[in-house]
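I have placed the structure first, in the form of structure tokens, so that the comments after it can refer back to it.
The values are calculated or read from the model by the stated rules, or taken from the named source; none is laboratory data. Computed from a prediction, not measured in an experiment: that's the story for all the values here. Here the Cβ positions follow ideal geometry from the backbone for every residue, glycine too, while neighbour counts run over all protein chains shown. Accessible surface areas use protein heavy atoms only, side chains included; no ligands, DNA or RNA. Shrake-Rupley method; radii C 1.70, N 1.55, O 1.52, S 1.80 Å.
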Amino acid sequence: MGNKRRVLVVEDELTIAESVAARLRAEGFEVDLAHDGPAGVETAERARPDLVVLDVMLPGFDGLEVCRRVQARRPVPVLMLTARDDETDLLVGLGVGADDYMTKPFSPRELVARVHALLRRVERAAQADPDQAMTVVGDLEVDPVQRRVRRAGVAAHLTPIEFDLLAYLAARPRAVQPRERLLAEIWGWGDAAGTRTVDSHVKALRRKLGADLIRTVHGVGYALEVAG
């Protein structure tokens, strides 16, 4: 890379924070550290990172509130860390603007791979073709240029990765997409260990756009199923 990418790590467990920071620096990233909610928001505003690694449980106020405040000021990819393998926490995190999540304990190698994948997604989005046509499937409209989605005329607010996942499925209506393929295409991951990430993002899309939107093909993956 030309200019070094900057990552903000907001984590109150110092050993985890230092371990993550060391691995990211070894990969060529500039790294800022914050250890509580208010410091995380302040550092994000001052340092303007390219990506935020954000723990859910923080002193001051929690990572969900940090994510809300950071995203309100400037959209930035967020990778959330949680010690609780709780589906509700994950969906709430994705709902306030997180792009991906990891459950502790995790390997620093895996975290770095996720960071690279999220940054590649941002680059791909920035290079989108301005003449790309809108995708219409039944009552679903996906506008790749303005990155907007409407269903039955009602706009839905999606996170960047939710949008990319929906756009990929909408471009291939009714065709079953294996979780591993979605993980590779949307997250840039070749490792099936992250397929639960796909499941959680699909649940978030169903919550925002209707439970009937995406069909689960058990043991395989998902397909967009819109009537019309």
### Task
First compute the accessible area of the chain with a 1.4 Å probe, then give the percent of it belonging to carbon and sulfur atoms.
50
### Query
In angstroms, what radius of gyration and Dmax does the chain have, counting Cα atoms only?
17.5, 54
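Over region 160-227, what per residue volume does the convex hull of the Cα atoms give, in whole Å³?
Details: hull volume 5.1 nm³, N = 68.
Normalising the Cα hull of region 160-227 by residue number yields 75 Å³.
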### Overall Cα dimensions of region 93-228, principal axis frame, Å, largest first
44, 35, 25
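Report the Stokes-Einstein translational diffusion coefficient (µm² s⁻¹, integer) for region 100-150, Rh taken as the Kirkwood radius over Cα pairs, at 37 °C with viscosity 0.692 mPa s.
Using the Kirkwood radius from Cα pairs, D works out to 245 µm²/s.
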### Message
Cross-link candidates for K4: which lysines have Cα within less than 30 Å, leaving aside residues fewer than 8 places away along the same chain?
### Response
K104
### Query
Mean separation of Cα pairs under 8 Å and 6+ residues apart, divided by the residue count of the chain: what relative contact order is that in percent?
14
### Query
Residues with amide H under 5 Å of R148's amide H, sequence separation 5 or more or different chain, H placed in the peptide plane at 1.01 Å from N; which?
D143
### region 113-181, accessible area per residue, ligands and nucleic acids excluded (1.4 Å, Å²)
52
#### Entry: Per residue, in Å², the accessible surface of region 2-76 once ligands and nucleic acids are set aside, probe 1.4 Å
48
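Largest first, what is the accessible-area ranking of H201, H218, H116 with a 1.4 Å probe?
H218, H116, H201
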#### Entry: Spin-label pair R150/R109, simplified geometry with 7 Å Cα→Cβ offset, distance in nm
4.8
#### Entry: Size of electric dipole in the chain: Cβ of Lys, Arg +1 and of Asp, Glu -1, about Cα centre, debye, nearest 20
560
